[in-house]
Amino acid sequence: MSVTIYVPRDSGALALGAEKVAKAIEKEIAERGIDARIVRNGSRGLYWLEPMVEVRTDKGRIAYGPVKPSDVKSLFDCGFLSGGQHRRWLGKPRDIQFLAKQTRLTFARCGIIDPVSLDDYQAHEGMKGLRKAITMAPADIVREVTESGLRGRGGAGFPTGIKWKTVLDTGTGIQKYIVCNADEGDSGTFADRMIMEGDPFVLIEGMAIAGIAVGATKGYVYIRSEYPHAAAIMNEAIAAARKAGVLGQSVLGSAYAFDMEVRVGAGAYVCGEETSLLESLEGKRGLVRAKPPLPAHKGLFGKPTVINNVISLASVPVILDKGSTFYKDFGMGRSRGTIPIQIAGNVKHGGLFEAAFGLTLGEIVDEIGGGTRSGRPVKAVQVGGPLGAYFPRELFDTPFDYEAFAAKDGLIGHAGIVVFDDTVDMLKQARFAMEFCAIESCGKCTPCRLGSARGVEVLDRIAANIEPQKQIELVTDLCNTMKFGSLCALGGFTPYPVMSALTHFPEDFRPHPVREAAE
């Protein structure tokens, strides 16, 4: 009887040596004459244990990790094909505490299935949402998504159903588009990539449902150029879906037509902003468009367009399959469903943790993340990417909820969390935010283009102890101008990390002995 061995092809696992591990296993299988096959799955998101190799046994799947090529021979010697004990033995993946505590809805199959096998996807409850959608009226699909409480997972948190209804209401008989924003450029984020590399069919299914719901027949996945593996896997999955009749002129044999393709960006952070993304998709320089008109009315090529993040679209199939009531039963307040929290930075257990909204920041960092990897005290946590606010330990009782974070002058963004220990200099972090904005600005609006450059200069004067109080007043005024005067969130959100660093860590903005010594 053939044995199945799972070795991730996820980029994070590859960066940690998964390809070398796979080749070592292939070599060992050949030399020992063992009847076995290797499935290149996605990652389950426990990156401190990657490469995590799994074996299907009579007792279920058994995991080992982090596996190095040098471990492979001893794994075979100890009988790992039948779940034998080894120093890398982890047991059943679902029993690992990091996974056991999760509520996996969107990521239910990630790390479990063969990403490019449509049969494997359907064997694990895939396509149920789409099969239900083709039996429903478009307005009923939109209503189901609206009632679920799903909000944009890309950062803005705008209700997905309202966006869909706007496009649906533009009428019939006109070209409409579904655009998936996979330009995941925020620091400490990798949920989009994990889905595209580990469960691409759930994104394809979600986009097809969106197309049927609003009357769109064409979709585009805009993937950042730094994700070559995700682009390759998405292209392979799209081809398989098209061949199986999931995409094309008759979606699953229905009267609905929908097809899609991948487009790769050129590396601009600002193209994560929806209108810049549209400009780039049209072959132009990624400049932010003024609104109105909204993309829902005049989007890609001037046509009504739904633009949603990967996780937003990948969450739709489970909503259609199990119903809006099932989904909205998770979460708190106006933040319904689950959110894939990405834990990174100086943290012991970095990875993806999908859970219902409502966990406190302290629970995420201390209990789930395990504190800092360095063993030093946590000083700050940045939530929401490079433009997110820095939260001190005094705010660790804040629940992971859009409104709760907004009330503390923060934002959830794409739910990336970067942890810093007590060696971090928050003045340098504030400067980095301004410098990042200056480099990545598209240049269209003055507050962002010039404000960020001036911000770097002002923060450098603080570091040099040149009239620090005057400079603090100046940077505060500058941040206010950028927040309310910028055309998009790049300039508008840059004040969050700067002002939160200044507010919560004022001691780092005062004359510093080390800096004075350096001068």
Having 2 or more residues that are more than 30 Å from Thr338 (Cα to Cα) is the bar; report the helices (runs of 4 or more DSSP H) wholly within region 402-491 that clear it.
-> 426-440, 446-463, 468-485
Going through region 452-478 one residue at a time, which ones are free of Cβ contacts under 8 Å to residues at least 40 places away in the same chain, open to solvent by 30 Å² or more (accessible area, probe 1.4 Å) and not hydrophobic (A, V, I, L, M, F, W, C)?
-> Arg454, Glu457, Asp460, Arg461, Glu467, Gln469, Lys470, Glu473, Thr476, Asp477
Could you list, in sequence order, the residues of region 256-284 that are without any contact (Cβ under 8 Å) to a residue 60 or more places away in the chain and either small (Gly, Ala, Ser) or closer than 28 Å to Leu487 by Cα (or both)?
-> Ala257, Val262, Arg263, Val264, Ala266, Gly267, Glu279, Ser280, Glu282, Gly283, Lys284
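Looking only at region 185-199, count how many residues are open to solvent by less than 10 Å² (accessible area, probe 1.4 Å) and either touching a Pro at 6+ places or on another chain (Cβ under 6 Å) or part of a loop (DSSP other than H, G, I, E, B) (or both). Quick ask: steps written out before the conclusion?
Step one: list which residues in region 185-199 are open to solvent by less than 10 Å² (accessible area, probe 1.4 Å), which gives 191-192, 194-199.
After this cut, where a residue has to be either touching a Pro at 6+ places or on another chain (Cβ under 6 Å) or part of a loop (DSSP other than H, G, I, E, B) (or both) as well, the list is 191, 198-199.
Counting residues in region 185-199 that are open to solvent by less than 10 Å² (accessible area, probe 1.4 Å) and either touching a Pro at 6+ places or on another chain (Cβ under 6 Å) or part of a loop (DSSP other than H, G, I, E, B) (or both) gives 3.
Per-residue answers, yes or no, for (1) closer than 30 Å to Gly331 by Cα; (2) touching a strand residue (DSSP E or B) at 6+ places or on another chain (Cβ under 6 Å):
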site: Glu50; (1), (2): yes, no
site: Glu54; (1), (2): no, yes
site: Phe76; (1), (2): no, no
site: Ala100; (1), (2): yes, no
site: Tyr121; (1), (2): yes, no
site: Ala133; (1), (2): yes, no
site: Met136; (1), (2): yes, no
site: Asp140; (1), (2): yes, no
site: Glu147; (1), (2): yes, no
Could you please let me know if Gly206 is without any contact (Cβ under 8 Å) to a residue 60 or more places away in the chain, within 19 Å of Asn235 (Cβ to Cβ) and either among the hydroxyl-bearing types (Ser, Thr, Tyr) or crowded, with 24+ Cβ neighbours inside 10 Å (or both)?
-> no
Please name all residue pairs, on different chains or six or more residues apart, with Cβ atoms under 9 Å, provided the first residue is in region 172-200 and is more than 25 Å from Val419 (Cβ to Cβ) and of a type in the set (Lys, Arg) and the second residue is open to solvent by less than 10 Å² (accessible area, probe 1.4 Å) and part of a strand (DSSP E or B).
-> Lys176/Thr305; Lys176/Val306
Among Leu90, Leu75, Leu99, the single one that is open to solvent by less than 70 Å² (accessible area, probe 1.4 Å), among the hydrophobic types (A, V, I, L, M, F, W, C) and assigned to a strand (DSSP E or B) is Leu90
Got at least one residue in region 38-49 being more than 21 Å from the chain's Cα centre (by Cα), more than 25 Å from Leu118 (Cβ to Cβ) and of a type outside the set (D, E, K, R)?
-> no
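In the list Ala237, Ala266, which residue meets the criterion of being at pLDDT 95 or above and not β-branched (Val, Ile, Thr)?
Details: Ala266 fails: at pLDDT 95 or above.
None of the other options fit; the residue is Ala237.
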Only one of (1) without any contact (Cβ under 8 Å) to a residue 60 or more places away in the chain; (2) not in a loop (DSSP other than H, G, I, E, B) does not apply to Trp48, and that is (1)
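Only one of these is polar (S, T, N, Q) and either under 25 Å from Ala415 (Cα atoms) or not in a helix (DSSP H, G or I) (or both): Thr166, Thr106. Name it.
On the way: Thr166 fails: either under 25 Å from Ala415 (Cα atoms) or not in a helix (DSSP H, G or I) (or both).
Among Thr166, Thr106, only Thr106 is polar (S, T, N, Q) and either under 25 Å from Ala415 (Cα atoms) or not in a helix (DSSP H, G or I) (or both).
The values are calculated or read from the model by the stated rules, or taken from the named source; none is laboratory data. Since the structure is predicted, the reported quantities are computational estimates derived from the model, not experimental observations. A quick note on method: Cβ atoms are made from the backbone with ideal geometry, for glycine too, and the neighbour counts reach across all protein chains shown. Areas reflect the complete protein model, heavy atoms only, side chains present, ligands, DNA and RNA absent. Shrake-Rupley method; radii C 1.70, N 1.55, O 1.52, S 1.80 Å.
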